[in-house]
C-alpha cells in the first residue's frame, strides 16, 4: 500500500457520531428485518421465509411430510442467512398447537409439549404446511404482492403474504428489538371477522363497538380472562396493557364428603411441568399448609388434581391462595407494536390494526383484479386470433402451404399481431374441428363478461366492500367448528390472603438459646416448671416468650437486619431444636439482639448503641424472605441495641445511657420511619445507649427490686423530662444496677411476654 492511498481510506470523524450512525443501522435492521411483525400478514421475516420455502418444496397439506432439516437448510441457504437453531425454533413454534391458536406448520414427530420439554432435533422431525398457512399465502402467484431479491440475489421472495387471514391478531406475536418490543395475544378468527365486517361497513366505528365482537384474547390453552370490560377496553384502545389469565379449576366431590380441585386448562405460556413443580414446592416449603397433595393425571387433555389437607378446608380459600402463590394466575402483556407497510414501527389500537389489515386486503383485491384483467387481455388476444383463423381457414392453410414466410403474410393480410400469428402457426390439426371454434366463441364471451365485472369492481368502492364482506363471512364459516377457548369471566384481583386462616391456632412457647438454637414447645409454659429442658453444653436460654402458631416471630440482628419466621414452622420442643441460621441468612459472627412475636398493629421503638433511634410500625417489620431486610442504617461502630413494642397509650420515651443518666422526652418528638438511621435520642460524652422504653408519663416508671417483685419507685419522671437529644441526669435512687428498665432474662427465668 502506497503512502498516497492511505488518506483516501481513512475517515476522520468523531467516535460518538460514527458509533451512533452504525448502531442506528443495526437497530433499524433489528426492528424491520427481525423482531417486529408486519401488520399486513402478522409475520416476521423468518416466519415468512419458512412458509415460503415450504411452499416451494410443495409441502402442501394433502402432500407428504419432509424432514425439517431439509426445510431449515433451504431457508438459511436461500432466504434467511442466520443460524439454523433460531430458524428451527421458529418453525417448531409455528407447529405447536399450545403456542399458536391456528398453527401454520403441521409437524410429525416430537415438536415439544405443554410440559415445557424441547422439540427433537430437526434431523428427526418432519413437517408440512397447514390449511391456514395455505390460506395465508393464497393468491401470491396472482400479482397481489411485490417480490424482492433474496440476500444473495439468486432468487425472489415475497415482501408480504396476501391471503385473507388476520394472522397478526389471530396468532399474535412476541419479539424484542432495539429500544422497543411487541407482545400480541392470539384472538378468535370468528370474532375478528365479525369486527372486520363491521369496520368495512362503518369505517369510523368506535373501539367500544368493536369490543362487542372481540371479547378479548383467545388463547390456545384456554383459561379464564378475569379482567373487567373497562380494563380490556383500555388496553385495546391504547394498544398497551396486560390481561390477567387464570387456570380453569373445577371442584370434584368424592365419596364421604371429600373433594378435590381439578385444573383442566392452564394460563397461556405456562409450562405444565414447571407449574406442578411450583405447586409441589409450596407444599414442601409449607407455604400453603391447607394443600395436601398435587398429582398430574394428564393424558391428551390437562388434568392436574389438587387435594386439600382435609375436607374442612375452604375450597374458595384454597383456590384463591393458589392463584396468589402460583402461576395458576398469570399476566399476559399487550404491546401492539407492529410494522406498518413493512417499514414504520408503531403502537396501534385494535381498530387501527384491523383497519390497516382491511386496507391491505383492498390493495390485494385491486392488484388481483388488475392482474387478472391483464391475463384476460392476453388470452383474448389469442382467442380473437384463433377466431380470425377459423373464419379464414382455407386461406390460412393456403398461406401456410405456399408462402416461405407465412407469419408475415398472415399479419399483413388479416391484421394479426405477432403473438396471434405465432399462436395460429402453432395450432394442432385436431384444433381445427368445428367444436373448437364454438368453444372459442364461448370462451371469448366468458372472458369479456369477467373483464367487465373486474373493471366494475375496480371502479366501485361499494362493490369492493361487498366482496370483502362476503369473503370475510366465508372465512368465518370455515372456522366455525373452532369456537372461543378462553372464557371471559371478570373477577376481582386476589386480595392478600389471611394466611393465619390456614394454620390451626395453638399456643406455643418459643425458646431461642444464646447460640441461636430455636424451638417451640406446645402450650404456654414457664421454663422454671420444665426441669427437663436441656441445652447444648455451654448454651442457655436467651429469649423465652409465649406466642401462637399463627404469629410471625420477629428476629432482630445487631447489624440492623430483621427477619420474620412463622411460629408454625419452628421445630418442636423435643431435643435442642434447630439453628435459627438454617431458616434465615444471618452471618455467623452477627449476634441476635432480640426475638419476639410481631404485632402488625403495634408501634416499635428502635434504637442503636450510639443513641440514635426512631419509631417503626409493626406492619413495616415483616420480612418473609431468607435474606430479610435492612431496618436500621447504622453509623460506623454502632450496633442495634433494642427493638421493643411501645405500650398502647404511651406518650413518652425514657432513655438510659451506660453512664446511668436518664432522659425522658415526648413520644411526638420521635419520627416514624420504615427504615433509616433515626434521630439522636440522648447525647453521650463517653459510652452509649443502655436501654430505652415507652411509657405513660402520668404513670411514671417502675422496675423490679430485690426478690423479683415489681415496685413503682419513681411515679414522677418530670425532673428527667427535657427535649430529645439532651444528656439527661442521673437515674433515680434505687434504679437497677443492670442499667435496664426491664431486667434481662436469666437462666430458668421467664421473660416478659
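The values are calculated or read from the model by the stated rules, or taken from the named source; none is laboratory data. Computed from a predicted structure; not experimentally measured. Virtual Cβ from ideal backbone geometry, glycine too; neighbours counted across all protein chains shown.
Numerical summary
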| item | result |
| --- | --- |
| Options 640, 662: the member that is closer than 27 Å to residue 563 by Cα and surrounded by 22 or more Cβ atoms within 10 Å (Cβ to Cβ) | 640 |
| In region 532-566, the residues that are under 40 Å from the mean Cα position of the chain (by Cα) and surrounded by 21 or more Cβ atoms within 10 Å (Cβ to Cβ) | 551, 552, 553, 554, 555, 556, 557, 560, 561, 562, 563, 565 |
| All positions within region 26-45 that are crowded, with 17+ Cβ neighbours inside 10 Å and over 19 Å from residue 360 (Cβ atoms) | 30, 31, 34, 35 |
| Scope region 322-337; condition buried (at least 22 other Cβ atoms within 10 Å of the Cβ) and either more than 15 Å from the chain's Cα centre (by Cα) or in a helix (DSSP H, G or I) (or both); matching residues | 322, 337 |
| Flag for residue 205 being part of a loop (DSSP other than H, G, I, E, B) and surrounded by fewer than 20 Cβ atoms within 10 Å (Cβ to Cβ) | yes |
| Complete set of residues in region 93-106 that are assigned to a helix (DSSP H, G or I) and surrounded by fewer than 22 Cβ atoms within 10 Å (Cβ to Cβ) | 93 |
| Residues (in a loop (DSSP other than H, G, I, E, B) and modelled with pLDDT of 85 or more) located in region 522-535 | 523, 524 |
| Yes/no for residue 559 being assigned by TED's automatic domain parsing to the domain that holds residue 719, more than 25 Å from residue 725 (Cα to Cα) and out of contact with any strand residue (DSSP E or B) (no Cβ under 6 Å at 6 or more places or on another chain) | no |
| Among the residues listed as 109, 77, 63, 83, the single one being crowded, with 16+ Cβ neighbours inside 10 Å and over 21 Å from residue 339 (Cα atoms) | 109 |
| Only listed residue being under 21 Å from the mean Cα position of the chain (by Cα), without any contact (Cβ under 8 Å) to a residue 40 or more places away in the chain and surrounded by fewer than 18 Cβ atoms within 10 Å (Cβ to Cβ), chosen from 297, 277, 250 | 277 |
| Residue selected from region 674-717 under the condition modelled with pLDDT under 80 and assigned to a loop (DSSP other than H, G, I, E, B), by the criterion farthest from residue 728 (Cα to Cα) | 709 |
| Test for residue 584: is it surrounded by 14 or more Cβ atoms within 10 Å (Cβ to Cβ), in the same structural domain as residue 520 (by TED's automatic domain parsing) and part of a loop (DSSP other than H, G, I, E, B) | yes |
| Qualifying positions in region 391-443 - surrounded by 14 or more Cβ atoms within 10 Å (Cβ to Cβ) and not in a helix (DSSP H, G or I) | 392, 416, 427 |
| Residue list for region 147-166, restricted to those being surrounded by fewer than 18 Cβ atoms within 10 Å (Cβ to Cβ) and touching a helix residue (DSSP H, G or I) at 6+ places or on another chain (Cβ under 9 Å) | 150, 151, 152, 154, 155, 159 |
| Yes/no for residue 401 being at pLDDT 95 or above and either under 29 Å from residue 247 (Cα atoms) or more than 35 Å from the chain's Cα centre (by Cα) (or both) | no |
| Test result for residue 591, free of Cβ contacts under 8 Å to residues at least 60 places away in the same chain and farther than 14 Å from residue 552 by Cα | yes |
| Subset of region 451-500 (residues that are loosely packed, with under 14 Cβ neighbours inside 10 Å and at pLDDT below 90) | 492, 493, 495, 496, 498 |
| Hits in region 603-633 - residues which are under 17 Å from residue 671 (Cβ atoms) and either part of a loop (DSSP other than H, G, I, E, B) or not assigned by TED's automatic domain parsing to the domain that holds residue 515 (or both) | 610, 611, 621, 631, 633 |
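Here is a yes/no grid of residues against (1) touching a helix residue (DSSP H, G or I) at 6+ places or on another chain (Cβ under 8 Å); (2) free of Cβ contacts under 8 Å to residues at least 24 places away in the same chain:
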| residue | (1), (2) |
| --- | --- |
| 356 | no, no |
| 381 | yes, no |
| 398 | no, yes |
| 401 | no, yes |
| 404 | no, yes |
| 412 | no, yes |
| 432 | yes, no |
